[in-house]
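K.L.:
Quick one: the structure is below, and I'll ask about it shortly.
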Amino acid sequence: MTTTPAVPPAPVAVCSFIPDYVLRNVAERGGDDDRRAALQALATSGTMRSLRVQAEARRSVLPRSAMPEITTALAPPTKERLIRDAENTANLRGPIIRTEAGPASADETAEAAFERLGATWDFYFQVFARNSIDKAGMPIEGVVHYRRGYDNALWNGTQMIFGDGSGRLFTGLAHSLTVCAHEVSHGVVQYDGPLVYQGQSGALNESMADVLGVLVEQWSLDQPVGQADWLVGREILAPGVTGKALRSLAEPGTAYDDDVLGRDPQPGHMDGYVETDEDNGGVHINSGIPNRAFTLVAQRLGGRAWEDAGRIWYASLGHERLLPTATFRQFARITRYVASTLFGAGSRQVSAVEEAWDGVGVQL
Ligand SMILES: [Zn+2]
């Protein structure tokens with residue numbers, strides 16, 4: 001007789017793209033309009049968080065065995081996208097303004113989101129043979145024009161939600177492929193990990209979304225590692241903001257340094273690990289450490305980052321040994337194990353993984 005393992009607690013997360021600590025800086029330092037926008041965004045992420053808790057609580061009733069695993073037999077791979085218009089309100093069930101069958105929408109933002117969510121679906125299917133977020137053909141649903149001038153993008157467990165940005169701090173979130181792919185990848189992490197959105201496992205959750213987000217962009221450009229800039233959210237900083245993106249995977253801590261937004265707080269090494277109660281224990285901050293580890297592996301191996309390095313990271317995310325509460329060290333050990341399984345114990349891929357974690361101060 002076998003005993004049924006306990007179902008791990010489902011992660012509770014609202015994965016908003018702009019972290020609360022950035023919005024808090026704006027609320028403290030910005031002009032009146034910026035302060036208002038930042039406070040509204042902060043209040044909304046609080047509301048979303050409680051909605052997400054309810055959704056996760058419902059989902060956690062399902063035993064894991066009830067979730068689809070072998071998917072090709074369940075559903076043929078078909079890309080299915082739909083875009084809703086929140087019409088500058090908080091309504092997430094607004095009119096559908098774009099579907100897979102078309103026609104194209106006159107709304108430029110809807111088309112931008114549609115195209116980028118499609119590129120993300122293509123990446124997962126063509127690179128990892130994954131049939132959508134849940135591996136079972138789940139439609140990818142985007143909501144555009146969420147609220148008015150809303151400075152964020154979110155994954156709420158079932159939908160990608162895009163604000164238009166205030167235009168003073170952030171702009172055009174749906175026009176950024178790395179933002180769209182980051183949010184979809186939170187869905188992938190939710191189904192594969194799942195990694196609890198707190199502390200180191202939360203930072204791994206954020207890091208996976210960043211890594212997979214930039215891989216989608218590099219893949220869609222067929223970009224070799226040597227040409228990659230490793231930036232997430234390059235397009236979303238409004239003119240006048242001092243910075244190049246919201247995060248830099250290769251050089252954490254260098255993405256922006258602005259009077260209103262503050263300074264990019266990400267460390268790229270365990271020496272700079274930030275202990276904090278904010279930001280779910282620094283999930284958007286300490287993610288810089290595994291982010292940089294990934295870029296070191298990719299740079300060491302050369303070629304295309306989604307091939308060997310991406311394969312190792314993606315297989316580690318879905319690995320049965322990955323605990324929902326994994327630490328950096330536990331995850332690092334899984335990447336080494338996966339690399340040796342895929343490429344052989346003495347392979348250059350294993351050496352690259354070992355050197356990368358050593359380079360960011362994570363002991364294997
Ligand atoms: Zn995120």
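The values are calculated or read from the model by the stated rules, or taken from the named source; none is laboratory data. Since the model is a prediction, treat every value here as computed from it, not as a measurement. Cβ sites come from the backbone with ideal geometry, for glycine too, and all protein chains shown count toward neighbours. These accessible areas exclude ligands, DNA and RNA; they are computed on the full protein's heavy atoms, side chains included. Shrake-Rupley method; radii C 1.70, N 1.55, O 1.52, S 1.80 Å.
K.L.:
So if I check each of TYR197, TYR146, which one is open to solvent by less than 20 Å² (accessible area, probe 1.4 Å) and more than 21 Å from ALA38 (Cβ to Cβ)? Break it down stepwise before answering.
P.N.:
On the way: TYR146 fails: more than 21 Å from ALA38 (Cβ to Cβ).
Going through TYR197, TYR146 in turn, the sole match is TYR197.
K.L.:
Any chance the stretch 204-220 includes a residue that's in contact with a Gly (Cβ under 7 Å, 6 or more places away or on another chain), more than 16 Å from the ligand (Cβ to nearest atom) and modelled with pLDDT of 95 or more? Write out each step before concluding.
P.N.:
Applying the first criterion (in contact with a Gly (Cβ under 7 Å, 6 or more places away or on another chain)) to the stretch 204-220 yields 205, 215.
Checking which are more than 16 Å from the ligand (Cβ to nearest atom) leaves us with none.
Within the stretch 204-220, none of the residues are in contact with a Gly (Cβ under 7 Å, 6 or more places away or on another chain), more than 16 Å from the ligand (Cβ to nearest atom) and modelled with pLDDT of 95 or more.
K.L.:
Looking at the structure I just gave you, is LEU261 farther than 26 Å from ARG336 by Cβ, within 16 Å of the ligand (Cβ to nearest atom) and of a type in the set (A, V, I, L, M, F, W, C)? Please lay out each step first, then the result.
P.N.:
On the way: farther than 26 Å from ARG336 by Cβ: yes; within 16 Å of the ligand (Cβ to nearest atom): no; of a type in the set (A, V, I, L, M, F, W, C): yes.
For LEU261, the condition - farther than 26 Å from ARG336 by Cβ, within 16 Å of the ligand (Cβ to nearest atom) and of a type in the set (A, V, I, L, M, F, W, C) - is not met.
K.L.:
Can you tell me which residues in the stretch 258-312 are among the acidic types (Asp, Glu) and either in contact (Cβ under 8 Å) with a residue 24 or more places away in the chain or at positive phi (or both)? If you could, list the steps in order and put the result at the bottom.
P.N.:
Filtering the stretch 258-312 down to residues among the acidic types (Asp, Glu) leaves 258-259, 264, 271, 275, 277-279, 307-308.
Of everything in the stretch 258-312, those that are among the acidic types (Asp, Glu) and either in contact (Cβ under 8 Å) with a residue 24 or more places away in the chain or at positive phi (or both) turn out to be ASP259, ASP271, GLU278, ASP279, ASP308.
K.L.:
Quick one: which of LEU237, LEU249, LEU301, LEU261 is under 13 Å from LEU212 (Cα atoms) and of a type outside the set (Ser, Thr, Tyr)?
P.N.:
Values: LEU237 fails: under 13 Å from LEU212 (Cα atoms); LEU301 fails: under 13 Å from LEU212 (Cα atoms); LEU261 fails: under 13 Å from LEU212 (Cα atoms).
So the residue among LEU237, LEU249, LEU301, LEU261 that is under 13 Å from LEU212 (Cα atoms) and of a type outside the set (Ser, Thr, Tyr) is LEU249.
K.L.:
A further question on this structure: Restricting the search to the stretch 185-203, which residues are among the aromatic types (Phe, Trp, Tyr) and within 11 Å of the ligand (Cβ to nearest atom)?
P.N.:
Going through the stretch 185-203, the residues among the aromatic types (Phe, Trp, Tyr) turn out to be 191, 197.
The answer is TYR197, and nothing else.
K.L.:
Here is a list: GLU206, GLU251. Which entry is assigned to a loop (DSSP other than H, G, I, E, B), within 17 Å of PRO290 (Cβ to Cβ) and in the same structural domain as LEU296 (by TED's automatic domain parsing)?
P.N.:
Details: GLU206 fails: assigned to a loop (DSSP other than H, G, I, E, B).
Within the list GLU206, GLU251, the selection yields GLU251.
K.L.:
To continue, here is another question. With respect to SER132, determine if the residue is farther than 30 Å from PRO239 by Cβ and open to solvent by less than 30 Å² (accessible area, probe 1.4 Å). Break it down into steps so the answer makes sense when it comes.
P.N.:
Numbers: farther than 30 Å from PRO239 by Cβ: yes; open to solvent by less than 30 Å² (accessible area, probe 1.4 Å): yes.
For SER132, the condition - farther than 30 Å from PRO239 by Cβ and open to solvent by less than 30 Å² (accessible area, probe 1.4 Å) - is met.
K.L.:
Taking ALA86 as the residue in question, decide whether it is surrounded by fewer than 17 Cβ atoms within 10 Å (Cβ to Cβ) and either under 30 Å from GLY193 (Cα atoms) or at pLDDT 95 or above (or both).
P.N.:
Values: surrounded by fewer than 17 Cβ atoms within 10 Å (Cβ to Cβ): no; either under 30 Å from GLY193 (Cα atoms) or at pLDDT 95 or above (or both): yes.
When the stated conditions are applied, ALA86 does not pass them.
K.L.:
Here is a list: GLU56, GLU28. Which entry is more than 14 Å from the ligand (Cβ to nearest atom), closer than 26 Å to ARG247 by Cβ and at pLDDT below 65?
P.N.:
Details: GLU28 fails: at pLDDT below 65.
None of the others qualify; the one that does is GLU56.
K.L.:
So if I check each of GLN223, GLN218, which one is assigned to a helix (DSSP H, G or I), more than 29 Å from VAL260 (Cβ to Cβ) and in contact with a Lys or Arg (Cβ under 8 Å, 6 or more places away or on another chain)?
P.N.:
Numbers: GLN223 fails: assigned to a helix (DSSP H, G or I).
Sole residue among the options that is assigned to a helix (DSSP H, G or I), more than 29 Å from VAL260 (Cβ to Cβ) and in contact with a Lys or Arg (Cβ under 8 Å, 6 or more places away or on another chain): GLN218.
K.L.:
Quickly run through the stretch 300-335 and pick out the residues that are charged (D, E, K, R) and open to solvent by 80 Å² or more (accessible area, probe 1.4 Å).
P.N.:
Of everything in the stretch 300-335, those that are charged (D, E, K, R) and open to solvent by 80 Å² or more (accessible area, probe 1.4 Å) turn out to be ARG300, GLU307, ARG311, GLU320, ARG321, ARG329, ARG333.
K.L.:
Turning to a different aspect of this structure: List the number of the failed condition for HIS182; all other conditions in (1) at pLDDT 95 or above; (2) out of contact with any helix residue (DSSP H, G or I) (no Cβ under 8 Å at 6 or more places or on another chain); (3) under 22 Å from TYR150 (Cα atoms); (4) within 16 Å of the ligand (Cβ to nearest atom) hold.
P.N.:
It fails just one condition, (2).
K.L.:
Being part of a helix (DSSP H, G or I), of a type outside the set (Val, Ile, Thr) and more than 16 Å from the ligand (Cβ to nearest atom) is the filter; apply it to the stretch 269-299 and report the residue that is surrounded by the fewest Cβ atoms within 10 Å (Cβ to Cβ). Give the derivation first.
P.N.:
Residues of the stretch 269-299 part of a helix (DSSP H, G or I): 270-272, 279-282, 288-299.
Remaining after also requiring of a type outside the set (Val, Ile, Thr): 270-272, 279-282, 288, 290-294, 296, 298-299.
Applying the additional criterion that residues be more than 16 Å from the ligand (Cβ to nearest atom) yields 270-272, 292-293, 296, 298-299.
Numbers: MET270: 15, ASP271: 9, GLY272: 17, ARG292: 25, ALA293: 30, LEU296: 21, ALA298: 30, GLN299: 17.
Checking each candidate, the answer is ASP271.
K.L.:
Let me ask another. Just give me the residues in the stretch 301-315 being under 16 Å from LEU204 (Cα atoms) and either part of a loop (DSSP other than H, G, I, E, B) or within 16 Å of the chain's Cα centre (by Cα) (or both), in sequence order.
P.N.:
Correct list: GLY310, TRP313, TYR314.
K.L.:
May I pose another question? So, in the stretch 186-223, how many residues would count as being of a type in the set (A, V, I, L, M, F, W, C) and under 20 Å from VAL360 (Cα atoms)?
P.N.:
Of all residues in the stretch 186-223, those of a type in the set (A, V, I, L, M, F, W, C) come to 188-189, 195-196, 203-204, 208-209, 211-212, 214-216, 219, 221.
Subsequent filtering for residues that are under 20 Å from VAL360 (Cα atoms) retains 203-204, 208-209, 211-212, 214.
Residues meeting the conditions: 7.
K.L.:
While we're on this one: State the number of residues belonging to the stretch 146-175 that are more than 24 Å from ARG93 (Cβ to Cβ) and either among the hydrophobic types (A, V, I, L, M, F, W, C) or within 13 Å of the ligand (Cβ to nearest atom) (or both).
P.N.:
The total comes to 2.
K.L.:
Let me ask something else about it. Picking from THR120, THR99, which residue would you name as being polar (S, T, N, Q) and open to solvent by 10 Å² or more (accessible area, probe 1.4 Å)? Explain how you work it out, then say what you get.
P.N.:
Details: THR120 fails: open to solvent by 10 Å² or more (accessible area, probe 1.4 Å).
Of THR120, THR99, the one residue that is polar (S, T, N, Q) and open to solvent by 10 Å² or more (accessible area, probe 1.4 Å) is THR99.
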